[in-house]
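> Following this message is one structure expressed as structure tokens.
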Amino acid sequence: MTTIVPTSEEDPFLSVVQFTSQLAWADAGPEAAEPEISRLCREAEESIVAGKWLELASLMVTSAELVSSKMSEKDLECTYTIICSLVKNANSPEDVLETVKAISSKVVQQPNDKASLRLKILFNLYNLLDHPYARFQVYMKSLTLAVEGKVTEYVVPSFKKIDNFLKEWNVDTKDQRELFLAIANVLRENKSLVKESLNFLTKYLATFSNDDAQVLGEAKEEAVRAVIEFVKASSIFQCDLLDLPAVAQLEKDAKYAPVYQLLKIFLTQRLNAYSEFKAANSECLQSYGLVDEDCVTKMRLLSLVDLASHESGKIPYTSIKDTLQVKEEEVELWIVKAITAKLIDCKMDQMNQVVIVSRCSEREFGSKQWQSLRTKLATWRDNIGNVISTIESNKVTEEGSQTSSSAAPLQGLSVR
């Protein structure tokens with residue numbers, strides 16, 4: 001004979017509370033354990049009956065975290081799958097946010113215990129949510145967990161979708177600022193992603209304006225970090241830091257003025273300026289872990305780019321030798337290095353000892369560069385317009401000639 005046992009949707013929640021409380025009191029003995037287990041189950045049942053889902057979530061996640069180290073990965077994942085499903089029962093958007101905070105804050109508390117699984121739990125919670133801002137909160141917790149639990153490789157692929165995420169989340173400037181800095185911190189853990197890290201750090205700094213000096217001051221340390229990361233990066237030769245208010249404030253700061261001066265040298269000046277700076281600020285370079293040899297190498301390449309942009313397409317070997325402060329036989333070596341780094345496209349005329357440049361990179365792309373690009377585009381537009389006008393004029397003339405030549409025989413026939 002089959003016995004049918006009545007069940008309800010709430011049973012999985014009670015099962016989780018009973019399971020975790022039994023694990024928690026397993027070593028206490030039946031006399032001490034049973035009353036506590038019964039109490040916790042009763043509290044859970046009362047929350048279910050009253051529809052107090054936030055209280056139930058807090059109870060369940062606290063119990064689960066107390067014994068998470070005793071659980072297998074499968075049990076922990078199943079437990080949190082049931083706990084996370086509580087967000088579907090929330091009575092209002094505000095309750096959804098509070099429930100998400102209660103769950104996610106506990107998940108990240110022990111980053112060294114099953115970190116990759118905890119990250120998976122957060123991703124599952126994210127996918128359960130319809131609330132845009134709640135999704136943002138979970139994503140931010142996942143970034144924190146990724147860094148502290150040393151599992152950043154699982155979140156890095158999602159950074160390619162950040163622009164789409166921002167449209168979906170519709171967060172304010174303050175939240176965007178927090179997001180960009182968190183991503184930059186994740187990327188900093190991977191030495192091969194220096195360019196991407198600097199990109200998000202620049203996005204973070206770009207969220208600051210001159211409107212609020214006190215808020216702007218919060219960005220000083222990160223502005224310094226961005227400058228140093230750029231100077232250190234051997235494969236990054238262009239950035240847009242110089243005109244950002246968060247970076248520009250360093251120029252008048254007693255402590256950080258040399259850092260701003262160094263950035264200005266790397267973006268607008270040549271090797272001789274760096275040599276002068278080094279002589280006056282050697283301690284500054286050492287304090288930020290900058291290696292002089294590496295800085296000189298980068299400045300030589302940047303100085304060659306600067307020469308290419310100011311020499312009307314032709315650079316004498318002697319100018320390169322003097323500007324880069326190298327021996328005559330090393331000139332072509334540095335040209336090849338610049339070509340390899342895709343800083344310039346050129347041909348070496350060894351007979352005439354000149355370099356013929358067809359393209360060079362910009363060290364920064366600010367208002368001056370935009371204006372130059374605008375001028376070039378306007379010139380190209382005018383030139384193309386002139387070519388089109390010439391073609392149309394020739395076409396009209398040719399058609400007129402053909403009409404005249406075809407009409408002549410007909411006129412002759414009519415006269416006859």
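The values are calculated or read from the model by the stated rules, or taken from the named source; none is laboratory data. Model, not experiment: these values are computed from the prediction. Note: ideal-geometry Cβ built from the backbone for every residue, glycine included; neighbour counts use all protein chains shown. The accessibility values were calculated without ligands, DNA or RNA, using every heavy atom of the protein model including side chains. Shrake-Rupley method; radii C 1.70, N 1.55, O 1.52, S 1.80 Å.
> Under 19 Å from the 7 Å Cα→Cβ point of LYS174, by amide nitrogen: which residues of the range 197-218?
Hits in the range 197-218 for LYS174 at 19 Å: 204-218.
> Another question, then. Determine the per residue accessible area of the range 309-360 with all protein chains present and a 1.4 angstrom probe, expressed in square angstrom.
Solvent-accessible surface per residue comes out at 64 Å².
> Mean separation of Cα pairs under 8 Å and 6+ residues apart, divided by the residue count of the range 309-360: what relative contact order is that in percent?
This gives 41 percent for the range 309-360.
> Calculate for the chain the 222 nm mean residue ellipticity that helices alone would give, adding -39,500 (n - 2.57) per DSSP H run of length 4 or more and normalising by residue count, nearest 500 deg cm²/dmol.
-21500 deg cm²/dmol
> For a quick protection proxy, order the peptides 217-226, 37-46 by their average other-Cβ count within 10 Å, most packed first.
217-226, 37-46
> What translational D, rounded to a whole number of µm²/s, comes out for the range 83-197 from Stokes-Einstein when the hydrodynamic radius is the Kirkwood one over Cα pairs, at 20 °C and 1.002 mPa s?
The diffusion coefficient I find is 148 µm²/s.
> Another one. Taking 0.36 nm per residue of separation and subtracting the Cα-Cα distance, what length does fully extending GLU221 through SER287 add?
This chain segment gains 22.3 nm when fully extended.
> Taking only Cα atoms, what is the 0 to 90° angle, nearest 10, from helix 173-188's long axis to the longest principal axis of the chain?
Rounded to the nearest ten degrees, it is 90.
> Specify which labelled value, from (1) -0.37, -0.83, -1.11; (2) -0.47, -0.77, -0.95; (3) -0.40, -0.71, -0.92, agrees with log10 I(q)/I(0) by the Debye sum over Cα atoms at q = 0.06, 0.09, 0.11 Å⁻¹ derived from the coordinates of the model shown.
(2)
> Would you calculate the separation in nanometres between label points at SER309 and THR268, each defined as 7 Å from the Cα along the Cα-to-beta-carbon direction?
Calculated label separation equals 1.1 nm.
> Angle, helix 30-50 long axis vs. longest principal axis of the chain, Cα atoms, 0 to 90°, nearest 10?
Between helix and principal axis, roughly 60 degrees.
> Calculate the spin-label point distance for GLU73 paired with SER275, positioning each point 7 Å from the Cα along the beta-carbon direction, and give it in nanometres.
Once both label points are built, they end up 5.8 nm from each other.
> Right, here's the next one. So what J values fall out for the range 293-308 if you push phi through Karplus, 6.51 cos²θ - 1.76 cosθ + 1.60 with θ = phi - 60°, rounded to Hz, Gly and Pro as x?
Once rounded to whole Hz, the list reads 4, 5, 5, 5, 4, 5, 5, 5, 5, 5, 5, 5, 4, 5, 4, 4.
> Continuing with this model, one more query. Can you tell me the orientation of helix 53-66 relative to the chain, as the angle in degrees between its alpha-carbon axis and the longest Cα principal axis, to the nearest 10?
Compared with the principal axis, the helix lies near 90 degrees.
> What are the ³J(HN,Hα) values, in whole Hz, obtained from phi via the Karplus relation 6.51 cos²θ - 1.76 cosθ + 1.60 with θ = phi - 60°, for each residue of the range 148-164 in sequence order, with x given for Gly and Pro?
3J(HN,Hα) across the range 148-164, in whole Hz: 5, x, 6, 10, 5, 4, 7, 9, 4, x, 6, 5, 5, 9, 4, 4, 5.
> What distance in nm separates the simple spin-label points at LYS395 and GLN18, each placed 7 Å from Cα in the Cβ direction?
Label-label distance for LYS395 and GLN18, simple model: 8.5 nm.
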